[in-house]
Every structure is written in C-alpha cells, then in structure tokens.
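Chemist: Sharing a structure with you now.
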Amino acid sequence: MNHMPIKGIIPPLITPLNKNNELDSQGLRNLIEHVLDGEVHALFVLGTTGEGPSLCHSIRKQMVTETCAIVDKRVTVLVCITDTSFVESLELARHAKNVGADFLVLAPPYYYPISQTEMQSYLKVLAPQLPLPFLMYNMPGCTKLHLSLETVKIAKDLGAIGIKDSSGDREYLMALVEEFKQDQGFSIITGNEAFLPELIEKGGHGTVAGGANFFPKLFVALFNACGSQNSEAITKHLDRVKWISNTIYNIGNEESRYVKATKSTLAAMGLCEDYSSLPIQRYGEAEKAQLQNYLAEFNYEDEYPAK
C-alpha cells in the first residue's frame, strides 16, 4: 500500500501527569489544542519526550486513547510501541489501531544489547503482525543499537514507511536521505531540530521537535521557511531554535534536563503540571526562576501569552 510521506513539524507530546502519577486529562487536552493551534502536522505519542518507557501499560493505553479522541482525526497520530517485551509492543500496537491512531513507531527493544542481525530477525517476526503502518526509530543513546542502513532497508522491505533518526549523527542522517531518495513515500524525519533546514534541502521530510510542545508556531515557521527556501527567515527562526537548546534545555546538570525543561515550560505557560514519572524529578525553585527569566527573554510572537 502506498502512503504519502509523513512530513512537517511533529511534536513528541509530553505525557501530562498529576502528583499521583495519573494522567492529567485536562492538561493533555490543553496541550493538544495548543499545538494544533500552532498548525503542527502530526503528533507523536509515547516517545522519549513522552516518557513512554517509564509509564505503566495502563497509562500508555489511556494516553493513546485520550489523544486520539481529542485529536479526532484533525492531524495524524503516531504511537511509539517500543517495549522490552515483544508481547507488550504488539498489544499496544493493537490498542492504538482500535482507538484510531494512524501509524506506529518502533525502536529496538532496550535494556539488553542486541546485534543488527537480532534486530533484523525481531522485525521479521513483529512487522507482519502489526495492524498499522510503522516507522523505525533510531535512538542509540537509549536503546544501545544504532540502526544500520541495512537494517533500515530490511525494515522498509517489511513495510516500514519511514524513520525517525535521533542519533544526532548528521552524516548518518544524510546517508539515509541518499539511500532512500528514490522513494519519496519513505519519510526521513530528524529528532535534532537544528538539522531541519539541511534535511529539507537534501530531500528529507521533517522533524519530531520537542520544543514544538511549547512553541509550535516557531517550528512551523521554520519548516515553512525551509519549504520556500527563504534563507533570511530560516536564519531568524533557526537562531531561535538554537537559543532554546542553549538555554531552556540546559537548565541544571541532570541528563534528564530536556524532559524537565519541556514539562516545566508547559507548566509555566499554564497548560499542564510539571510532574514526571519516577525517577525524573521536577525542577526546584531556583531552576524554575531561571526558566522564567529565559521565557521572558525569548518573547516570541504570541507563543508565550501573559497569564
């Protein structure tokens, strides 16, 4: 079956939680309406930013169910089904299909180091059982496996319709574009927001941009500028994207600071609370104050309305 390529700005939705570690349904609704108002092109649920691997299976399912209901087919919904358990991955895939998701996303099972050959064998068993089209997800920093081009080609032969690359390896990303350039239905998506202009120029399709949770209009403006090859606008918007990486994403010393920063920014905007799934902790008062200063400095058009 042929598909139009998945493209554009795709926020990897955070999973709003309350202090009891339950899904914050109102916060989820606020967040989804916020990003849709920013005219994003699709939503990615239960990825790294969404803390998918840290959530219990019931909350994962609830997150998918409520997201699909709120979105109501206004944009495409992608669901990450990666799990240490083959059975649980397949179960979540079937649930996603039943509640109205459009695509699945699959990274290598984490915890145990595995080889490319083992990953290829895994795909040959799992892919034929998946009820929806799927994208591969290259996240070696969390999974211990950097998907080879050969593994991605095998995944494509098994039905994969694209790949999200979060390796941070620019040469690898461009090699993906070159390898699959003859098939424009195969989406090449970057998880590194700063790579977007070059990726689009070379023939790629978009980015899963964490910052689009809170500043969706900025990232959509960058994508549109890339599409129209407006170099002045690209430079302007890309400078702001890089500023976010150097400031908001850099508060504190923990490796989890990106997730903390994203949730804390959304809380500062009044969209949801900033609780995370353990072991990730919320920012303290000093860190929140630093974030507030950055947000006041940023002052992007209508992205951070006064409350």
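Chemist: Label-point separation (nm) for Asn18 and Ile280, each offset 7 Å from Cα along Cα-to-Cβ?
Modeler: 2.0 nm
Chemist: For a quick check: sort Asp83, Asp72 by the number of other beta carbons within 10 angstrom, fewest at the front. Don't jump to the answer; show the numbers that get you there.
Modeler: On the way: Asp83 22, Asp72 9.
Ranked by crowding around the Cβ, least crowded first: Asp72, Asp83.
Chemist: Let me ask you something else. Could you derive backbone 3J(HN,Hα) for region 23-32 from the dihedral phi with the Karplus parameters 6.51, -1.76 and 1.60 (θ = phi - 60°), listing whole Hz in sequence and x where the residue is Gly or Pro?
Modeler: The phi angles translate into 5, 8, 5, 5, x, 5, 4, 4, 5, 4 Hz.
Chemist: So how compact is the chain: Cα radius of gyration and Dmax in angstrom?
Modeler: My reading of the Cα-based Rg and Dmax gives 18.3, 53 Å.
Chemist: What distance in nm separates the simple spin-label points at Asp37 and His146, each placed 7 Å from Cα in the Cβ direction?
Modeler: About 4.2 nm, to one decimal.
Chemist: Could you put His146, His237, His34 in order, starting from the residue whose Cβ has the fewest other Cβ atoms within 10 Å? Before the final figure, lay out the partial values.
Modeler: Values: His146 16, His237 24, His34 21.
Arranged by neighbour count, lowest to highest, His146, His237, His34 become His146, His34, His237.
Chemist: Which of the residue pairs Lys97/Lys242; Lys7/Lys236; Lys144/Lys260; Lys156/Lys242; Lys97/Lys181 have a Cα-Cα distance greater than 26 Å in the structure shown?
Modeler: Working: Lys97/Lys242 36 Å; Lys7/Lys236 22 Å; Lys144/Lys260 23 Å; Lys156/Lys242 32 Å; Lys97/Lys181 29 Å.
In this structure, Lys97/Lys242; Lys156/Lys242; Lys97/Lys181 exceed 26 Å between Cα atoms.
Chemist: Right, here's the next one. By counting other Cβ atoms within 10 Å of each Cβ, how are Ile10, Ile251, Ile244 ranked from fewest to most?
Modeler: Working: Ile10 28, Ile251 21, Ile244 24.
Arranged by neighbour count, lowest to highest, Ile10, Ile251, Ile244 become Ile251, Ile244, Ile10.
Chemist: Among Asn293, Cys68, Ile114, which residue has its Cα positioned farthest towards the positive end of the charge dipole of the chain, with +1 placed on the Cβ of Lys and Arg, -1 on the Cβ of Asp and Glu, and the dipole taken about the Cα centre?
Modeler: Cys68
Chemist: Hey, another quick one. Amide H to amide H under 5 Å from Phe134: which residues, 5+ apart in sequence or cross-chain, H placed 1.01 Å off N in plane?
Modeler: Amide H neighbours of Phe134, under 5 Å, 5+ apart: Leu104, Ile161.
Chemist: Sticking with this one: How large, in Å, is region 61-214 by the Kirkwood hydrodynamic radius built from its alpha-carbon pairs? Please list the in-between numbers first.
Modeler: Working: mean 1/r = 0.0629 Å⁻¹.
The Cα-based Kirkwood calculation yields 15.9 Å.
Chemist: Please report the spacing between the Cα centers of region 151-200 and region 1-60 in Å, no decimals.
Modeler: 22 Å
Chemist: Go ahead and set up a Gaussian network model of the chain, Cα springs under 10 Å, then flag whichever of Gly204, Gly47, Gly100 fluctuates most.
Modeler: Taking springs between Cα atoms under 10 Å, the residue moving most is Gly100.
Every read-out reported here was derived from the displayed coordinates using simple, explicitly stated rules and does not represent laboratory data. None of these values were measured; they are calculated from a predicted model. Heads up, the Cβs are rebuilt from the backbone with ideal geometry, glycines too, and the neighbour counts pull from every protein chain shown.
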